[in-house]
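Let me begin by presenting the structure, written as structure tokens, before commenting on it.
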Amino acid sequence: MILFLFMSVSFGMLAQDQLLNVAKQYLLSGDYIKAAATFKQLVDYNQEDATVLLGYFESLKGLKDYKTAEKIIKQQLKLNDKNVSYQFELAKLYKLQGEDKKATKIVESIIHQLKPEDDAIRNTAMMFQKEGMFNEAISVFEKGKSFAPENPYLYAEELALLYDKKGDTEKATDQLLDLYISKNEKSEEIKATFQRMFNNPEKLESFRKKVQKRATKEPDIVAYPDLLAWLYIQQNDYENAFIQIKSIDNRFNEQGRRSLGFARVALREKQFKAALIAYDFVMSKGKDQPYYVIAYSEKLTCLKEQLKYNPHYTPADVTLVSNAYATFLEENPSYKLKETLREYAELEARYAHNIDKAIALLSEITKAHNADALFKGRCKLEMGDYELVRNNIWESTLLYSQVDKEFKRDMLGEEARYKNAKLSYYTGDFVWAQGQLDVLKASTSELIANDALNLSVLITENNPIADSNTTPLLMFAHADLLAFQNKDEEALTTLDSIELIYPKHPLQDDILMERARIAMKKQDYSEAALQLQKITTQYADDVLADDALYHLAFINENYFSNKDEAKRLYEQLIIKYPGSTFINEARKRFRALRGDKTDVEVNSF
């Protein structure tokens, strides 16, 4: 008997669930007659199920049977007159019938009866917000604030978003500023909201003036100069940003800590002048201060990077930076086993063209017993590169092979294997290079895997088995090596020869890409863009088309300051080449240019 009753109850519950699903489908499809009839059956069976009651109520509204709808809601309110959901449904019903006064009275009652309970306040505000009743939602949060006068910034974020949705930017800003100075842990989130709200120069400048006014009025609140510094950075005014940073640093005797952080941001954004001013400020605190040596070493990095991005640097400029490195290392010998010495070697090799000195400097690290093993491996790889620059092939491959052996299961070892494979390509041993590249295509490093894939495709497509003439590819590989050795004019002459002797060879798009790379290295961005444009138009269906499109977009974004064109090109790549290895980076950059918050790396070629 008990088993029979249990099965009957279970069957009854299953039937109800099925009937409820049917009723919901009728309601969704707008068949209010069938929906109302089905929900009525369910109400008769269980008058306490809120889902069923509200479904029946919506069906009656759909039928415009307002009288019955009002009756069932009022019946529920008799049982529980504090049920906010039913009160609100009744208010909406009155509003639907044009009885605004009755609806307003209920809404005011809902807000009036609020208790100091956070969940109830948030749920009630959300209920109004879903219906687009932003003023009422604001009133709910204001009522909530009145319960906690000791916390004037309570619900500031929620109120700011509501004011913003209403289009009241002034009040939204005030609320967010209140929140910004009260909750430091939310500062980055709030800055992201400000970035979205003030998305053009005029709005941003107006907002900066508002913050400046507050900062003048309340000079003891450190959050204001911090925010002003951030705003100046958004306007690419790094020098004025540093004035704000410096004032905080001095006021709180931070010994240059904040200024050092600013210098690093400026360096990352290639704002070299502002970065150098900040580094000098930190150093001016004195040699005995904790950040002096760090600032000094990073200042050298900044000077080297400034050379890199200066197309008109002179030998005198290089000598000046070189002497600064030498002086620093003499004063701080412990840095001879650190990144600073590796940078010094790079400066000598790539800018002073003093390969012998660069290799001698790196040798100090590779021979030191107390140097970090991974760092020594990195220096050996660079020594291999510099040996290759001076055409010492045997010494170069020996160094790469040592790193490969020492870091067999490390990414550094994979990089060494790739460099050895490329060296074989340079010297015309395409079969051995291809064998190594086939393995490296499965590398855990995306960069190495992509480089290996690209070089493998270059060899395969331009050295077909059926064609015994390997001369064009041999010439191209030699031009590639010449470019690596900074013999750019010789490389370009070799590329011209291939084009002249073998005008129909499939290497034509690769020749254009190599010319673009050389132009980029020389910081001739107009020439690079011209060569890339040729690839996108003349070889749109070839393997390098997406690469060319990405780099062309990158140049427009970062060197021509043509954000609209860059955005168009990134979008074109996303649509036309969805399988491109650049697709994720293109999406990130496109979204950033569109105004979305995202992080992008500054990488090209």
* Test for ALA553: is it in contact with a Lys or Arg (Cβ under 9 Å, 6 or more places away or on another chain) and under 25 Å from ASN463 (Cβ atoms) -> no
* To do: Answer with yes or no whether LYS273 is in a helix (DSSP H, G or I), at pLDDT 95 or above and crowded, with 19+ Cβ neighbours inside 10 Å.
  => no
* Filtering region 166-202 down to residues that are in a helix (DSSP H, G or I), of a type in the set (Lys, Arg) and over 20 Å from the mean Cα position of the chain (by Cα), which residue is farthest from PRO225 (Cα to Cα)? -> LYS166
* Structure fact -> Here the qualifying pairs (Cβ atoms under 7 Å; residues six or more apart or on different chains; first in region 436-465 and over 19 Å from GLN508 (Cα atoms); second outside any loop (DSSP other than H, G, I, E, B) and among the basic types (Lys, Arg)) come out as GLN436/ARG417; LEU440/ARG417
* Structure fact -> Flagged in region 559-585 as among the aliphatic types (A, V, I, L, M) and under 21 Å from SER526 (Cα atoms), in numbering order, are ALA566, LEU569, LEU573
* To do: Working carefully through the options ALA433, ALA421, find the one that is under 22 Å from ASP542 (Cβ atoms) and modelled with pLDDT of 95 or more.
  => ALA433
* Taking region 227-243, which residues are surrounded by fewer than 22 Cβ atoms within 10 Å (Cβ to Cβ) and farther than 19 Å from ASN199 by Cα? -> GLU239, ASN240, ILE243
* Residue within region 398-406 that is modelled with pLDDT under 95, surrounded by fewer than 20 Cβ atoms within 10 Å (Cβ to Cβ) and either in contact with a Ser or Thr (Cβ under 9 Å, 6 or more places away or on another chain) or under 16 Å from ALA373 (Cα atoms) (or both) present -> no
* Could you list, in sequence order, all residues of region 366-379 that are surrounded by 14 or more Cβ atoms within 10 Å (Cβ to Cβ) and out of contact with any Leu (no Cβ under 6 Å at 6 or more places or on another chain)? => THR366, PHE375, LYS376, ARG378
* Just for region 423-445: of the residues that are of a type in the set (Gly, Ala, Ser), over 16 Å from ILE393 (Cα atoms) and surrounded by fewer than 19 Cβ atoms within 10 Å (Cβ to Cβ), which one is farthest from the chain's Cα centre (by Cα)? -> GLY435
* Please indicate, with yes or no, whether at least one residue in region 71-82 is in a helix (DSSP H, G or I), among the acidic types (Asp, Glu), free of Cβ contacts under 8 Å to residues at least 60 places away in the same chain and within 26 Å of GLN129 (Cα to Cα). => no
* Structure fact -> Among residues of region 549-605 being among the β-branched types (Val, Ile, Thr) and either in a helix (DSSP H, G or I) or at pLDDT 90 or above (or both), the residue surrounded by the fewest Cβ atoms within 10 Å (Cβ to Cβ) is ILE575
* Would you tally the residues in region 249-264 being surrounded by fewer than 19 Cβ atoms within 10 Å (Cβ to Cβ) and part of a helix (DSSP H, G or I)? => 5
* To do: Kindly indicate the residue of region 529-543 that is among the hydrophobic types (A, V, I, L, M, F, W, C) and modelled with pLDDT of 95 or more and also surrounded by the fewest Cβ atoms within 10 Å (Cβ to Cβ) among those meeting that condition.
  => LEU530
* Asked: If you take the residues of region 216-226 that are surrounded by fewer than 18 Cβ atoms within 10 Å (Cβ to Cβ) and aliphatic (A, V, I, L, M), which of them is nearest to LEU276 (Cα to Cα)?
  -> VAL222
* Asked: When you scan region 532-584, how many residues do you find that are more than 22 Å from the chain's Cα centre (by Cα) and touching a residue at least 40 places away in the same chain (Cβ under 8 Å)?
  -> 1
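The values are calculated or read from the model by the stated rules, or taken from the named source; none is laboratory data. Bear in mind the structure is a predicted one, so any value in this text is a computation, not a measurement. Virtual Cβ from ideal backbone geometry, glycine too; neighbours counted across all protein chains shown.
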